[in-house]
Amino acid sequence: MRQTITSWGNLGPVDHDVETPGFRDEAAPLMAALTTRVGTVLAHGLGRSYGDSALNGQGGLLITRRLDRCHAFDHADGVLRADAGLSLAELHAITVPRGWFVAVTPGTKFVTLGGAVANDVHGKNHHVAGTFGHHVRALGLRRSDGTLRICAPDSDPDLFHATIGGLGLTGLIEWVEIQLQPITSSDMEVENIRFDHVDRFFDLAAESLDWPYTVAWVDCLSQGASLGRGVFSRGRHAAAGPLAAKAGGPRLAVPLTPPFSLLNGPTLRAFNAAYYNRPGATFAGRCHFDGFFYPLDGVHHWNRVYGPKGFYQYQCVVPPHVARDAVRDLLTRIAASGTGSCLVVLKNFGDRPPAGLMSFPMPGTTLALDFPNHGTRTLDLLADLDRVVDAAGGRLYPAKDARMPSRLFQAGYPALAAFKRHIDPAFMSDFWRRMGQAPHGTDQAGSEQA
Ligand SMILES: Cc1cc2nc3c(=O)[nH]c(=O)nc-3n(C[C@H](O)[C@H](O)[C@H](O)COP(=O)(O)OP(=O)(O)OC[C@H]3O[C@@H](n4cnc5c(N)ncnc54)[C@H](O)[C@@H]3O)c2cc1C
């Protein structure tokens, strides 16, 4: 079926040939039908990737949303196996009342297990727990030749590590088995600390290593003595309390896309000042995990506020020895440009070895923020930021990207050549095409006929 699909950044609709299997048994034949009809295929979860990594323009898209069955959940040891289309929100509904929580979560619960594996997503606890992929025990990968590969750290390990963070290019992940972490409450104990300069962020991060979750919001327009001022948040699961899968309260919505971006210089400046000075910026108390991990999920379609031209997200990581200087440099350039957004995240990653060949996180500091799409002006600024990241020896996150130059991608991902050996020849994405990458052949070892 022809359908236009838009990524989370709303940078424009892309035409696809789409199939949406309702059962796992339907996935392989529909994948084969798509590749016969249009030559290439890509799995698509909840479409929370900002750029083009979940799109395959003019090719086939296999939407996994209806593959959402839980196969097994061991309440005693917290191991869950489910279809790859199950979302984290649906997973919580099953596991939280029984005292188990996902070991790593991104900043939205509206992602599928398959999407979380394919981008090897990270959360606020990277410094203690690594990435989502570190907690994957096994996965079932359907290749376009019809074989089902059962991959785990000790079974077909090369394909396993290529699929974790493999951008959906190694095949269709049909199911995932993960290790959850025990919790005794759905509440979080949280401390928010206001800081007046980005240098203080690094001190607070160093002082907070015994907190499992840390992250900072930054005012991207502040300059001079207030450069990178913000609010540092740290949290842990509360020791006792209710086990509620969802916070109560209404969910707001942006009902339609306004004709222009609601986030311009004056509104952004006013929002940032109000957010920085709000009483909650210095807070110690409890809240449901929804409020701590997923503040944006409370507003349905928040991505519409950027207007019909959409927005770019920019997420980079720079190594520890240059992080202070590089982050200062990035924030100085952003503040001088007068553009950016109220959604700016700064976080230190830990030094756990990556779970996947192409995993984004590496030791250092990551900065993520949105930019309304003002055409060349925005692209020029992002190219300027690229130069800082490149000189620092950093990298950008493909899940957030819609424009990075191929050269920067290649420089940032040294395992690229090893990864290419595992790409399924029928799988392709707009991101991969844009990077000018072609499959280098396939690894057929260890196939298991389903
Ligand atoms: C508000 C918000 C906050 C976010 N916060 C974070 C964060 O803190 N950390 C972080 O790491 N990311 C974050 N992200 C990005 C998001 O977590 C990732 O883009 C995630 O991969 C999206 O999952 P999805 O199910 O929507 O997958 P999609 O966006 O639909 O697809 C993502 C990739 O996964 C592949 N894929 C999906 N399903 C399968 C499958 N079954 N088999 C094979 N490949 C598959 C696709 O081909 C594509 O390459 C955030 C996004 C938003 C919108």
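So for the pair Asp325, Leu296, with labels modelled 7 Å out along Cα→Cβ, what separation do we get in nm?
With each label placed 7 Å out from Cα toward Cβ, I get 3.1 nm.
Can I get the semi-axes of the range 163-308's equivalent ellipsoid? Compute them from the C-alpha gyration tensor as square roots of 5 times the eigenvalues, in angstrom, largest first.
So the three semi-axes of the range 163-308 are 28, 25, 19 Å.
Check the chain and count each lysine pair with an alpha-carbon distance under 24 angstrom, considering only pairs eight or more places apart or from different chains.
10
Taking the Cα centre of each part, how many Å lie between the range 218-245 and the range 313-383?
Value for the Cα centre distance between the two parts: 17 Å.
In the range 20-119, which trypsin sites (Lys or Arg not before Pro) are in a loop and have at most 15 other Cβ atoms within 10 Å, using DSSP for the loop call?
Here the trypsin sites (Lys or Arg not before Pro) that fit, given the DSSP loop and packing criteria, are Arg66, Arg69.
Suppose R0 equals 51 Å. What FRET efficiency, 1/(1 + (r/R0)^6) with r the Cβ-Cβ distance, do Arg69 and Ala274 give to the nearest 0.05?
Computed FRET efficiency for Arg69 and Ala274: 0.70.
Subtracting the Cα-Cα distance from 0.36 nm times the residue separation, let me have the gained length for Ala240 to Ala152 in nm, one decimal.
28.3 nm
At 0.692 mPa s and 37 °C, plugging the Kirkwood radius over alpha-carbon pairs of the range 1-77 into Stokes-Einstein gives what diffusion coefficient in µm²/s?
247 µm²/s
Using just the alpha carbons, could you tell me how many Å³ per residue the convex hull of the range 332-427 encloses?
128 Å³
Give the Kirkwood hydrodynamic radius (Å, one decimal) of the range 285-368, defined as one over the mean of 1/r across all pairs of different Cα atoms.
That comes to 15.4 Å for the range 285-368.
Just the Cα atoms of the range 194-276: what Rg and Dmax do they give in Å?
17.2, 47
Along the three principal axes, how long is the range 20-176 when you take its alpha carbons, biggest first, rounded to the nearest angstrom?
46, 30, 30
With the radius of gyration and the Kirkwood radius both derived from the Cα set of the chain, what is their ratio Rg to Rh?
We get a ratio of 0.95 for the chain.
If eta is 1.306 mPa s and T is 10 °C, what Stokes-Einstein diffusion coefficient results for the range 129-212, Kirkwood Rh from Cα pairs, in µm²/s?
99 µm²/s
Rounded if a/c is under 1.5, else prolate if a/b beats b/c, else oblate: with a ≥ b ≥ c from the C-alpha gyration tensor eigenvalues square-rooted, which is the range 63-123?
Judged from the Cα gyration tensor, the range 63-123 comes out oblate (a/c at least 1.5, b/c at or above a/b).
Over all alpha-carbon pairs in the range 259-332, figure out the percentage whose distance exceeds 18 Å.
Every Cα pair in the range 259-332 considered, those over 18 Å come to 66 percent.
Which FRET efficiency value, to the nearest 0.05, is calculated for Ala415 and Glu207 with the Förster distance at 30 angstrom and r the Cβ-Cβ distance?
Once rounded, the FRET efficiency stands at 0.35.
Readers should treat all values here as calculations from the given coordinates under stated rules, not as data from a laboratory. Please read all numbers here as calculations on a predicted model, not as lab measurements. Neighbour counts are summed over all protein chains in view; Cβ atoms, including those assigned to glycine, are modelled from backbone coordinates with ideal geometry.
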